[in-house]
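The values are calculated or read from the model by the stated rules, or taken from the named source; none is laboratory data. This one's a predicted model, so the numbers in the text were calculated from it and none came from an experiment. Cβ: placed from backbone, ideal geometry, glycine included. Neighbour counts: every protein chain shown. Calculation scope for accessible area: heavy atoms of the full protein, side chains included, ligands and nucleic acids excluded. Shrake-Rupley method; radii C 1.70, N 1.55, O 1.52, S 1.80 Å.
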Amino acid sequence: MNRLAGDILSGSFLEKLRFTRQLLSTLITWFLIALIIAALGWGAFFAIEDTAKKNAEARVLRDTASFAHSHADRLKRSLDSIDQMMRHVQLEWELSDGKLLIQHLNKYSLFPSPSSYYVTVFGQDGMPVLTTLPKLEVVSVADRPYFLTQKSAKSDSLYISRPSVGRASGMNVIQLSRRLTDKNGDFNGVVVVSAAAALFTANYDSTVLGNGGLIGFVSDDQRVMVTRIGETLSSPNTPRLFTNPAFTTPHGSAFFDGKLFGDKRSRFVGWEKIQGYALTAFAGLDGREALKNYQDQYDYSMQYALWISLGFALLTLTAMVLSVEMAWRKHQLFLTYATYRLATEDASEGIYIYQPIFEITGLITDFKLIDCNQRAAEFFKVKRESVINRKVSSFRSGINVKNLMSWLNEAWDKGFYEREMETPVGSSLQLRWVEIKILRSDKLLAVRLRDISETKEHLTELKRRSDEDVLTGLPNRHWIQNYLPKAIMKAEQADESLAVLFIDLDGFKKVNDTAGHAAGDEVLQHAAHRLREAIRPHDKVVRFGGDEFVVILENVEYRIDAAHVAERVQRAFEQPFRLTQGVHAVGTSIGIALFPTDGEDASAVLEKADIAMYSVKTNGKRGYQFYEAKFYNALRDRLAKETELREAISRDEFIMYYQPRVDVTTGAIVSLEALIRWKHPSKGLLEPVHFVPLAEETGLIVAIGELVIDKVCAQLSHWTRQQNGTVPVSVNVSPRQVNNPGIVDVLTSALARHAVPAHLIELEITESSMVAESGEILKMLSMLQRRGIKILVDDFGTGYSSLSQLQRLNFDVLKVDQTFTAEIQNSEEGKVFFTAIVTMAHALHMRVVAEGVETLSQALILRELQCDEMQGFYISKPVPPGETPPILSKPVFPNGS
């Protein structure tokens, strides 16, 4: 019995010892948290007090600057008054030819009581001549600086001496002197005002500046200085109260250390230069007195914070004591219910309770399943009763005993084990993906098995969607960014080559702009299908973006292998696409780059293939080309031109020229066509052929078009104000602008901004712009016509328009391309064809304009063919705008024609 009791006591002691150790860490945590909170609180306290101190100091500095300003203003008035009095004495001296009597001056009551300051006039020998003192003391001042300075001076100026004891008055004074001259302008003595030093600090107010305040002034050269601290005024025979202050700015305020002051007390000092004098006034407050309110508040706050800290310490101690009690109770409950709580935590999950089996040496030899829930048995399609109390080593069919033992042992040693696992083939577990979580609770292990198959399938589907192009079903740019680096690494490890084909669809932009985005989407879907059929089975085709595709060829032995694939792609696009909105031909431009020849990583190989593709684009399209270094320079030149064009738009380097359109019958100008020119800063005036194709390709044509519309409206407004018979002006509109719904707003706002009637603007659109069946485009054109804007078909005969489209779109004017105009004088067929166009247009109520009229004979034939209008170099070349609209320099048809 004693032995059993000893074991129990020993076990209880060990259990309490383990609990105490666990609790010790909790108590240490409590202490550390309290310490951190206290540190944060004190940190915040000191930060707040520091801010308060800075604010108090800033307020004191502002006050001292204000005091200095007031002091400087008062000193200036005092000095101005003294100087004015001295100048009066000078004048009286000169008027009396040196025979000035003090009684003569006193009758004007110019001089104050001698206790403040007194005036003395000294002759050229330095002896006194007259004074406002009751008694004239015969004392020479020939050796005094204020006399010597004026005697040697070439001109009159105010001299201010340093403080000294007056020889006549015995007072602490500052002498101010001016030069006296005779009628010939020669030195004839000095007039001296001896002002009591106390006069300049008389405005000291202890209620404002305190008992230790500072007031005074100092000269720029530190020679003259008057200082008063409290009731103490500086004197010539005592050390300075304020030692060599360094005022480096005309005005300001700062804190000065106590070593600069005679009483060794630090001060806040403000200063300001006295206007018109080489003096600086200063005023200051004693540091302790100025910050007394702040210091009192700080002392109170510190005392309050100490009491709070003490209360917080007591609160922390109480919390630690309570936490010990609560922890002990929780420990008792945990021992009783821990295993049950873990097993029944989630009924939708499989819960298994395992007990370790020890050998004599204490090593675990096996685990026994002592309990599981119904869900756990269903996961393996077994009955719960058939597995309870079985050892793990007895599991045979469909369970990897070795792995399970390893997981249970690790959880026993570490107290925790967790992993996600895809169920291997042949396992009896009926789930595809599971999450395994094992927790140790005293002497048992709780295993939780959770079905995560749906989550994993969802993640797989999300990854598939992120890697797949929705429109074509091909892998997308995101996919290739992950796949290509891996493919290159694999090729590098196997010492193999890899090829990348960068494919751009030729003519896709035209389909998209003219037939609409729906037709463009159809083209991309058909293109993806043809590319799949053209490549080898193990090759990869990717939609890179827009109308660009990438083909990855792995294990390429020779360059010719990549060329063969490129040729198959070319042949796959030889047949046009049959779309819902008609038949459209689309080709391919293919750039080829090889790894490792052209690049050593994915981005480099893609970039080189893209550059090679651009080379094909710029050299006629519809072909393929391997990368060469020279292509990079070509691409760089193109980017430079594009940058120049963007800058030209931002700087508005474009100007408009105007070419007249005349009536064939009357020869009168009926309209003008606006033609853009680029005023290039280095290349001069550039015609549209040099920049419009690039603008169309990059999309900058939209911005240029807006500039053109604004410039034309501005010019029309100018001509209209001149009242010179303004005619309409037609503006060329690109397919991109026609497909841009914002063109209506651009036109409307430009017309309104410049107050131009709508009938003075005409829009010229090409046939390719009206191929699309887009209802939005028809609606937009009809809206513009209802507002009075005429719509013209430009370069008719060079596009793909049909009679039904001309009839449906209800155009106002048909402009026949210059190639047909040139043929009318070369053959009868040319005349017949042109006559057919005129007849058709008239039947559709459209006027006909012949473009490119170069000769009189062409003009005569056009008149015979009943063409309505004509335009070309024979009529007039494009001309810059003038104050009035262009006029013809000669009649269209000379007399007798």
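Residue by residue through segment 720-742, note down the ones that are assigned to a helix (DSSP H, G or I), in contact with a Gly (Cβ under 8 Å, 6 or more places away or on another chain) and under 20 Å from Asp812 (Cα atoms). Give the steps one after another, and end with the answer.
Initial filter on segment 720-742 (assigned to a helix (DSSP H, G or I)): 720-722, 735-738.
Narrowing further to those that are in contact with a Gly (Cβ under 8 Å, 6 or more places away or on another chain): 736-737.
Within segment 720-742, just Gln737 meets the criteria.
When segment 877-897 is examined, which residues are found to be under 21 Å from Val708 (Cα atoms) and open to solvent by 30 Å² or more (accessible area, probe 1.4 Å)? Show your work before the answer.
Here is the first cut: in segment 877-897, the ones under 21 Å from Val708 (Cα atoms) are 877-886.
Lys877, Val879, Pro880, Pro881, Gly882, Glu883, Thr884 - these are the residues of segment 877-897 that are under 21 Å from Val708 (Cα atoms) and open to solvent by 30 Å² or more (accessible area, probe 1.4 Å).
Can you find, within segment 380-418, the residue that is modelled with the lowest pLDDT among those that are over 23 Å from Asp442 (Cβ atoms) and basic (Lys, Arg)?
Arg396
State yes or no: is Arg651 among the basic types (Lys, Arg) and either modelled with pLDDT of 90 or more or open to solvent by less than 40 Å² (accessible area, probe 1.4 Å) (or both)? Spell out how you get there, then give the answer.
Details: among the basic types (Lys, Arg): yes; either modelled with pLDDT of 90 or more or open to solvent by less than 40 Å² (accessible area, probe 1.4 Å) (or both): yes.
Here the answer is yes, as Arg651 does meet what is asked.
On the given criteria, is Thr839 part of a helix (DSSP H, G or I), at pLDDT 90 or above and surrounded by fewer than 16 Cβ atoms within 10 Å (Cβ to Cβ)?
So Thr839 fits the description; yes.
Can you tell me which residues in segment 180-192 are in contact (Cβ under 8 Å) with a residue 60 or more places away in the chain and not aliphatic (A, V, I, L, M)?
Thr181, Asp182, Lys183, Phe187, Asn188, Gly189
Being among the small types (Gly, Ala, Ser), outside any helix (DSSP H, G or I) and modelled with pLDDT of 90 or more is the requirement here; does Gly799 meet it?
It is false that Gly799 is among the small types (Gly, Ala, Ser), outside any helix (DSSP H, G or I) and modelled with pLDDT of 90 or more.
If you scan segment 395-417, which residues turn out to be surrounded by 12 or more Cβ atoms within 10 Å (Cβ to Cβ) and among the small types (Gly, Ala, Ser)?
Gly398, Ser406, Ala411, Gly415
Assess whether Arg536 counts as being assigned to a strand (DSSP E or B) and over 45 Å from the mean Cα position of the chain (by Cα).
no
Residues that are open to solvent by 20 Å² or more (accessible area, probe 1.4 Å), closer than 15 Å to Pro660 by Cβ, out of contact with any Lys or Arg (no Cβ under 9 Å at 6 or more places or on another chain) and not polar (S, T, N, Q): does segment 869-876 have at least one?
For segment 869-876, residues open to solvent by 20 Å² or more (accessible area, probe 1.4 Å), closer than 15 Å to Pro660 by Cβ, out of contact with any Lys or Arg (no Cβ under 9 Å at 6 or more places or on another chain) and not polar (S, T, N, Q): present.
Where the second residue is part of a loop (DSSP other than H, G, I, E, B) and basic (Lys, Arg) and the first is open to solvent by 60 Å² or more (accessible area, probe 1.4 Å) and lies in segment 146-173, which pairs have Cβ atoms under 8 Å and are six or more apart or on separate chains?
Matching pairs, first to second residue: Arg162/Arg223.
For segment 193-212, what are the residues that are free of Cβ contacts under 8 Å to residues at least 12 places away in the same chain and either surrounded by 19 or more Cβ atoms within 10 Å (Cβ to Cβ) or not in a loop (DSSP other than H, G, I, E, B) (or both)?
Correct list: Thr207 only.
Name, by its number, the condition in (1) part of a helix (DSSP H, G or I); (2) in contact with a Gly (Cβ under 9 Å, 6 or more places away or on another chain) that does not hold for Val565.
Here Val565 meets the rest and fails (2).
Applying the selection to segment 494-514, what residues are more than 38 Å from the chain's Cα centre (by Cα) and open to solvent by 10 Å² or more (accessible area, probe 1.4 Å)? I'd like the intermediate steps shown before the answer.
Filtering segment 494-514 for residues more than 38 Å from the chain's Cα centre (by Cα) gives 494-499.
Across segment 494-514, the qualifying residues are Ala494, Asp495, Glu496, Ser497.
The rows are residues; the columns are (1) over 40 Å from the mean Cα position of the chain (by Cα); (2) at pLDDT 90 or above; (3) over 21 Å from Met656 (Cβ atoms); (4) open to solvent by 20 Å² or more (accessible area, probe 1.4 Å).
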{"residue": "Leu694", "(1), (2), (3), (4)": "no, no, no, yes"}
{"residue": "Gln715", "(1), (2), (3), (4)": "no, yes, no, yes"}
{"residue": "Val727", "(1), (2), (3), (4)": "yes, yes, no, yes"}
{"residue": "Gln737", "(1), (2), (3), (4)": "no, no, no, no"}
{"residue": "Ala752", "(1), (2), (3), (4)": "no, yes, no, yes"}
{"residue": "Ala758", "(1), (2), (3), (4)": "yes, yes, no, yes"}
{"residue": "Ser774", "(1), (2), (3), (4)": "no, no, yes, yes"}
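Matching residues to (1) touching a residue at least 12 places away in the same chain (Cβ under 8 Å); (2) more than 25 Å from Thr698 (Cβ to Cβ); (3) out of contact with any helix residue (DSSP H, G or I) (no Cβ under 7 Å at 6 or more places or on another chain); (4) of a type in the set (Val, Ile, Thr):
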residue: Arg559; (1), (2), (3), (4): yes, yes, yes, no
residue: Phe573; (1), (2), (3), (4): yes, no, no, no
residue: His584; (1), (2), (3), (4): yes, no, no, no
residue: Lys608; (1), (2), (3), (4): yes, no, yes, no
residue: Met613; (1), (2), (3), (4): yes, no, yes, no
residue: Lys617; (1), (2), (3), (4): yes, no, yes, no
residue: Lys621; (1), (2), (3), (4): yes, no, yes, no
residue: Ala629; (1), (2), (3), (4): no, no, yes, no
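Can you report the number of residues in segment 468-485 which are under 19 Å from His529 (Cα atoms), more than 31 Å from the chain's Cα centre (by Cα) and open to solvent by less than 70 Å² (accessible area, probe 1.4 Å)?
7
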